[in-house]
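Have a look at the structure below, then the notes.
The values are calculated or read from the model by the stated rules, or taken from the named source; none is laboratory data. This structure is a prediction, so every number in the text was calculated from the model and none was measured. Heads up, the Cβs are rebuilt from the backbone with ideal geometry, glycines too, and the neighbour counts pull from every protein chain shown. Calculation scope for accessible area: heavy atoms of the full protein, side chains included, ligands and nucleic acids excluded. Shrake-Rupley method; radii C 1.70, N 1.55, O 1.52, S 1.80 Å.
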Amino acid sequence: MPLDINTLLVVTVVNIVALALISPAVMGPRLGAAANAARWSLVAHAASWIFMISSNLWPETWLDHLLSTLAVGGFAATHCLLFHALGGWLGPRRFAGGVRILAWLVPLGYALLFGNYAWRVGWANFLLSAQLVLLAIACFRPRTTLRGRWRYVVAAGMAAMAVLTLGRGLLGAFTDLYPTFLTPHPWNVAAMLMTNLVPLIANFAILGGWHEEAENALHQQAVTDPLTSLLNRRGWLEVAQPLVANANRYSLPLALLMVDIDFFKRINDSYGHKAGDRALQALSSLLGGSRRASDVAARVGGEEFCLLLPGSDAEAGGRVDRHLRAQLAELVPQLGHPLDFSSGLAVLQPGESLERLMTRADRALYAAKESGRGKMQSDTGEPRPALEAA
């Protein structure tokens, strides 16, 4: 049975509008920037098809000119929004600037070339297919923890649409086989069928990206201390244990600095709990801000912190301690009350577990507290006063 292009067009619009209307109910009102961009891409796609259908009611008139220009501009905007969503989920994507430039060039060229059917059809379809190719490429090489298979579904759909869109452009620009948008040419029918299928597939894939993003956000909440934004104890164990195992496997140096705020209860009692929170945040900002990318900082107790230093020996750990004390001394006037810390340093021994390493660092920290506070104690060295350390 021959497929009627008008029927396919109506079904396409109904499907896409339905997806645009249903997505808020499925995804909810509170979305991240990436999921929000993906949802708006469905809205833009639905609006574009409505404009395209409406333009056929007034062929070759100013209304056709306006509505069909809005339609192709909407298709280009749909691709731009979906590209933005991929960038939010997978990290910065190459060719982002190119996709945005194409989004402007598609409707601009189409409007200027409207009087020549072959030129306008070729221009719009060639540039839209270029956007689709860039979208397919953007699905690969993620720079975030989001690496689900939904990416390949999006890439396959965009690649298929790129081929069909390019073919439609070639037919319209260089042959007489595609004289109107509603021409029942087999290639146009295939493109319309794919236009029905791809939004459905892409929408499920987008839901996969949104779901993975939500799971990742929940996991981050589970492993992050809300007051300091550092890793909590669960997150610390999750990240630090593989680093210790890796150091043991390859005989790499690794040091652990355990830090505890001195007289923290006195700060709470004398200046209030808000002052105590500010003290915790001040020290955590130093631990998190001054570390190397490979270092791991965590709040593992009330006023107790851990700083794991891969590739560091005892001497390097001592330098980190001195640097933290110097930075903290500069912050104290802003806090309005004294603030210092004691610390314990332990260097990984061959075959040692994270738990054993923490035990030795904690023992060194306790020794620093017992010997007067405000100093660092190594598990093999002598306590050093803060003034000497600075």
With all protein chains modelled, accessible area of LYS265 [1.4 Å, Å²]: 140 Å²
Viscosity 0.692 mPa s, 37 °C: Kirkwood-radius Stokes-Einstein D of the stretch 238-390 over Cα pairs, µm²/s: 212 µm²/s
Kyte-Doolittle at least 1.6, axis length at least 15 Å by Cα - qualifying DSSP helices, the chain: 5-27
For the chain, with +1 on Lys and Arg beta carbons and -1 on Asp and Glu, the positive-most of ASN188, LEU132, TYR178 along the dipole: TYR178
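If one computes P(r) from the Cα atoms of the stretch 20-124, what percent of pairs lie at distances over 19 Å?
The proportion of pairs with Cα distances above 19 Å equals 49 percent.
What is the dipole size for the stretch 298-362, taken about its Cα centre, with +1 at each Lys and Arg Cβ and -1 at each Asp and Glu Cβ, in debye to the nearest 20?
Computed charge dipole of the stretch 298-362: roughly 80 debye.
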Whole-number percent relative contact order across the stretch 24-180, with pairs defined as alpha carbons under 8 Å at least 6 apart: 21 percent
For the chain: relative contact order, % (alpha-carbon pairs under 8 angstrom, 6 or more apart): 12 percent
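At 1.4 Å probe size, with the rest of the protein present, what percent of the exposed accessible area of the stretch 149-268 is carbon and sulfur atoms?
Values: 3980 of 5900 Å².
About 67 percent, which is the carbon plus sulfur part of the accessible surface.
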Gap separating the Cα centres of the stretch 316-353 and the stretch 73-111, nearest whole Å: 47 Å
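Would you work out the charge dipole size for the stretch 242-362 about its Cα centre, treating the Cβ of every Lys and Arg as +1 and the Cβ of every Asp and Glu as -1, and quote it to the nearest 20 debye?
I would put it at about 220 debye.
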Computed Rg/Rh of the chain, alpha carbon atoms with Kirkwood Rh: 1.21
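Could you tell me the ratio Rg/Rh of the stretch 102-148? Both radii from Cα atoms, Rh via Kirkwood.
1.23
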Cut-off under 5 Å, modelled amide H: who pairs with SER312 long-range: LEU254, ALA255
Per-bin percent of Cα-Cα distances, the stretch 143-233 [10 Å]: 15, 29, 21, 16, 10, 7, 3
Average Cα contact separation per residue, the stretch 165-293, under 8 Å, 6 or more apart, as relative contact order %: 14 percent
Kirkwood-type radius of the stretch 275-332, with distances r between different C-alpha atoms, in Å: 12.0 Å
